[in-house]
Amino acid sequence: MERSERINLLRSRLASLRAEELKIEAELCELEEAQTTTETESTTTCSNAMPHNESKLSSTEIRRYSRQLLIPEIGTKGQLCLRNSSALIVGTGGLGSPCAMYLAAMGIGTLGLVDHDIVDYSNLHRQIIHSEAAASGTPKVVSAHMGVSRLNPLCNVRLYNVLLDSTNAKDIMRNYDIVVDATDNAATRYLINDACVMLGIPLVSGSAVRLDGQLTVYNYNGGPCYRCMFPTPPPVDTMANCSETGVLGVVPGIIGCLQAMEVVKVLTHRKKNETPSMLLFSYRSQPHFQHIKLRPRKPTCAVCGDSPSVTELADYVAFCGSGPNDNAPDWRVLDDPAQRVSCREYSQVVGDLRKPHLLLDVREELQFDICSLPNSVNIPMDQFDQRRDELERILRDLNGAPIYTVCRRGNLSQLAVKYIREKLSYDQCYDIARGLIGWQQDVDPNFPAY
Amino acid sequence: MSEAEEITVNVEFSGGMERLMKDQASSIQAKLPEPATIRDLIIHVRDNVVEDKKELFSKNDTVCPGILVIINGSDWEVEDSEDTVLSNKDTVLFISTLHGG
Ligand SMILES: [Zn+2]
């Protein structure tokens, strides 16, 4: 057999084995969950933990964790603490991936994973617990279960394939020794914080966007809770998220690893002497890390204060003005539907009709470089004012032919139409509703939407 | 006013805060007449350093929710928040909290 033929054969066998592994994993997760549920029903206590001697490491454990046992800060005593402890990670994305992997590898006894999402191809550059094979719709918790069990089968994993909300948060979190906030939105952050305060559980909170990351342990040892620091949610406009503003893959990785380290410190009782602090990380700054000293718990805090006003979990989406699924709101700027065309309608303008027109892409240059429709001209919306002369020249040259504006999902393009119609008095102007994402869904499935 | 009555404060922006500033500056030096409080600095930054979305930085002469103010490495609530008096060569960091992950 030719070598290249053999290579191709091996590659395709690996691909099918990996797909097979995921299928097995999914069935296993389902059966294990059913078994745990029956056990919990038949016995009064939650008996999901592996049977082991509470005060002794097995010889397998000693071999596996020997390099960690040699560190005085951990030792056999610390390792036993880890083995007899449980941690819940909310979110198995960029932060949760490395955090779950390291906690499992280091020997946490029970690891709970909460996520309602499925693995998407655009997750893979940072959510390293998930494999490419899972990126066609496998639930993140199933994919994460595979990642963890490959690393360390001694770790007892509990999966919660649900969206954490005020109806289920306390029931899920109740039995854990520590909670890791690895989520991506303000509403869930307030929810997790309040539940942790009510249940008396320390919270290791991390976040990362673009090139920056932040890490804090809340509700621990007289320190503040998340609400002590942020009593009022930020304006909705300032809540940057990864799908809109991007993130360098390794940045949540760095913060997620540090979250795992903080979990170990808390569980092995090595954090008691530290004062409350927040760690800031930036790709840009030199040095990359900065430590800031935080206020203590606030007696006036709405949830952890001396006379709290928040005593039950509430509606956090309403409180924050946006929720876990509101990453990309659809704006309605143009009230007149006659000023908008659908992607299909525009495809006829360029296709059968061959109508003379101008396609104006109003996204910023960085995004225009990722992908664009043929023959489109790029003038970013935020440069309209400074490039007004150029725009007016373009409109003059059009001689009344229509101008279509486009952006990623049909938001900015509406503002552009408003600008061109009102400020430049050019009436033949329409936006392409749902933008390039709509184009990919309705017209050209091969167009690289991002 | 003579030079002696002015203080210079190092101002830093991070966590995306720098994107609101002119030239996306991540640090500037602010000269303020003495005595100056953090509130004076917030007003100075809002009026002279923030590019155009001033409402995302400051409201009612203080910072918007979600922005932490760090004075020489400490959360400003360890000091006196807006009323903290600034000294020459102090470093003040404005940082927006991140929610992504
Ligand atoms: Zn609090």
Under the 7 Å Cα-to-Cβ spin-label approximation, A:E2 and A:A19 lie apart by a distance in nanometres of 2.4
Using only Cα atoms, tell me the angle between helix A:412-422 and the longest principal axis of chain A; keep it within 0 to 90° and round to the nearest 10.
-> 30
Compute the acute angle (0 to 90°) between the alpha-carbon long axis of helix B:38-48 and the principal axis of greatest extent of the alpha-carbon atoms of chain B; round to the nearest 10°.
-> 70
Once you have the Cα-Cα distance between B:T37 and B:K89, take 0.36 nm times their residue separation minus that, and quote the gain in nm to one decimal.
-> 17.4 nm
Surpassing 18 Å at the alpha-carbon level, of the pairs A:K56/A:K265; A:K293/B:K31; B:K22/B:K54; B:K54/B:K89; A:K423/B:K53, are A:K56/A:K265; A:K293/B:K31; B:K54/B:K89; A:K423/B:K53
Net dipole in debye of the stretch B:3-96 [+1 Lys, Arg Cβ; -1 Asp, Glu Cβ; about Cα centre; nearest 20] = 400
Using a basic spin-label model with each label point 7 Å from the Cα along Cα→Cβ, how many nm lie between B:N10 and A:R396?
-> 5.2
With label points built 7 Å along Cα→Cβ from the Cα atoms of A:S166 and A:S58, find their separation and express it in nm.
-> 4.4
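Looking at the P(r) of the stretch A:302-344, how many percent of alpha-carbon pairs lie beyond 16 Å?
Numbers: 579 of 903 pairs.
Here the long-distance tail beyond 16 Å is 64 percent of all Cα pairs in the stretch A:302-344.
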Could you check which residue among A:C304, A:C228, A:C407 shows the biggest mean-square fluctuation in a GNM of chain A with a 10 Å Cα cutoff?
-> A:C407
Suppose every K and R has +1 on its Cβ and every D and E has -1 on its Cβ; what is the size of the dipole of the stretch A:275-377 about the Cα centre, in Debye to the nearest 20?
-> 460
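Averaging sequence separations of C-alpha pairs under 8 Å and six or more residues apart, then dividing by the length of chain B, give the relative contact order as a whole percent.
Working: 166 pairs, mean separation 37.6, N = 101.
Reported as a whole number, the value is 37 percent.
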Regarding the stretch A:128-213, what whole-number volume in Å³ per residue does the convex hull of its Cα atoms give?
-> 128
At q = 0.07, 0.13 Å⁻¹, what log₁₀ I(q)/I(0) does a Debye calculation on the Cα points of chain A give, no solvent, two decimals?
-> -0.46, -1.18
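Counting other Cβ atoms within 10 Å of each Cβ, which GluC sites (Glu not before Pro) in the stretch A:278-380 have at most 16 and sit in a DSSP loop?
Numbers: sites: A:E312, A:E345, A:E364, A:E365; in loops: A:E312, A:E364.
When the GluC sites (Glu not before Pro) of the stretch A:278-380 are filtered for loop state and at most 16 Cβ neighbours within 10 Å, A:E312, A:E364 remain.
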Chain A: most fluctuating residue of A:P98, A:P356, A:P252 per GNM, C-alpha cutoff 10 Å | A:P356
Calculate, for A:K355 and A:N325, the FRET efficiency according to 1/(1 + (r/R0)^6) with r their C-beta to C-beta distance and R0 41 Å; round to the nearest 0.05.
-> 0.60
Reduced Cα scattering model of the stretch A:202-251, Debye log10 I(q)/I(0), q = 0.16, 0.17, 0.23 Å⁻¹ | -0.59, -0.65, -0.95
Counting all C-alpha pairs of the stretch A:174-304, share separated by more than 24 Å (%) | 26
Value at 222 nm in deg cm²/dmol, rounded to 500, when DSSP H runs of n ≥ 4 in chain A each add -39,500 (n - 2.57) = -12000 deg cm²/dmol
Give me the number: length gained by fully extending A:L10 to A:T311, i.e. 0.36 nm times residue separation minus the C-alpha to C-alpha distance, one decimal in nm.
-> 102.5 nm
Provide, as a two-decimal number, the C-alpha radius of gyration of the stretch A:382-432 over 2.2 N^0.38 Å, N being how many residues it has.
-> 1.06
Radius, Kirkwood style, for the stretch B:3-96 when every pair of distinct Cα atoms is counted (Å) = 13.0
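Given Cα pairs under 8 Å that are at least 6 residues apart, what percent is the relative contact order of the stretch A:113-254?
On the way: 194 pairs, mean separation 28.2, N = 142.
Averaging sequence separation for qualifying contacts and normalising by length gives 20 percent for the stretch A:113-254.
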Placing +1 on each Lys and Arg Cβ and -1 on each Asp and Glu Cβ in chain A, then taking the dipole about the Cα centre, the residue among A:V362, A:P374, A:V303 whose Cα reaches farthest towards the positive end is A:V303
Chain A, Gaussian network, Cα under 10 Å: of A:V157, A:V377, A:V266, the residue fluctuating most is A:V377
Helix A:388-398 vs. chain A, principal-axis angle (Cα, 0 to 90°, nearest 10) | 50
Length gained, A:R388-A:N273, 0.36 nm per residue minus C-alpha separation, equals 35.4 nm
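Compute the FRET efficiency between A:N378 and B:E55 as 1/(1 + (r/R0)^6), taking r as their Cβ-Cβ distance and R0 = 25 Å, and round to the nearest 0.05.
Details: r = 29 Å, r/R0 = 1.15.
It comes out at approximately 0.30.
Bear in mind these aren't lab numbers, they're just calculated from the coordinates by the rules spelled out. Keep in mind that this is a model prediction, so the values were computed, not measured. Don't worry about glycine lacking a Cβ; one is built from the backbone with ideal geometry, like all the others, and counts go over all protein chains shown.
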